[in-house]
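Coordinate-derived values only; no laboratory data. As the structure is a computational prediction, the values presented were derived from the model and not from experiment. Heads up, the Cβs are rebuilt from the backbone with ideal geometry, glycines too, and the neighbour counts pull from every protein chain shown.
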Amino acid sequence: MATEELNLSKETWRLFRILSEFVDGFETMSAVGRAVSVFGSARTPPEDPVYKLAVDCGRVLAENDFAVITGGGPGIMEAANKGCQEAGGQSVGLNISLPMEQEPNAYQTHELMFRYFFVRKVMFVKYAKGFIIFPGGYGTMDEFWESLTLIQTLKVDPFPVVCIGHDFWDPLIDWIKTTMRDQYQTISPDDLDLFRVTNSIDEAVQIITECFEEQCQLGPAPPDLPPEMTEHTAEGTRVGIDPRTPFPKRAERRSGQDRRQNS
């Protein structure tokens, strides 16, 4: 019993560590201004053309008065931070404590350290006006899918997601179309409009700049929702509605499901 109580005490006190990471993140990131989160592989070496492209990305973003937010590590993260810092921009690294691969790069003007992925992810979304995503591994894919999920479910205000490199992304998009959209119908055709793919850094930054300045809408227009459903929370998402609250669209969907089951 004493051991169980001790473990419970540790769990409770862990909340204060989590809270401290949020406090540090909010205090630092709130002063950064408009920014773009850049993602990509930690394993991309400096001699790789994609690394050099990410350096250009950081530079062009800084020249357009955007800060750059990365995971703070090597590879694409280092490249984007480098381009931004060398152009005189605010170069943010959201570093994560890992057993391997994560070593803070030398091109950060703002450096934060996190133990918890979920706290770090809040900072990527809350303080970014868009995502630019280079070729990467599981971590990069995680950020790509999470951004689309947040936008698709209307949990956040829509923001531009731009993927760099047709060679890398097109095979995945073909699978999304043929398997998810066509064969299994687990997404809507309009969901393919939630992101863009390009080989051009200038085009990627232009998409984000135009969306920032003109509040453009990527993908299908969202439905009209009551203000209380789109109110923003402290972590940058929308409040939404309680799943048990009656909502016309939900009622229509359930009614349609019932009709199909009874037919």
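Taking other C-beta atoms within 10 Å as the exposure proxy, SER37, SER97 rank SER97, SER37 from fewest upward. For region 19-222, the relative contact order is 20 percent, taking Cα pairs closer than 8 Å that sit 6 or more residues apart in sequence and dividing their mean separation by the residue count. Within region 100-185, the proportion of Cα pairs with more than 21 Å between them is 42 percent.
Which entries in the list LYS121/LYS155; LYS82/LYS126; LYS126/LYS155; LYS121/LYS177 go over 21 Å, if you measure between the two C-alpha atoms of each? Could the numbers behind the result be given before it?
Numbers: LYS121/LYS155 14 Å; LYS82/LYS126 23 Å; LYS126/LYS155 12 Å; LYS121/LYS177 27 Å.
In this structure, LYS82/LYS126; LYS121/LYS177 lie more than 21 Å apart at Cα.
Here the Debye sum runs over all C-alpha atoms of the chain as equal scatterers in vacuum, and log10 of I(q)/I(0) at q = 0.13 Å⁻¹ comes out as -0.90. Adding -39500 (n - 2.57) for every DSSP H run of four residues or longer, then dividing by how many residues the chain holds, sets the calculated 222 nm ellipticity at -15000 deg cm²/dmol.
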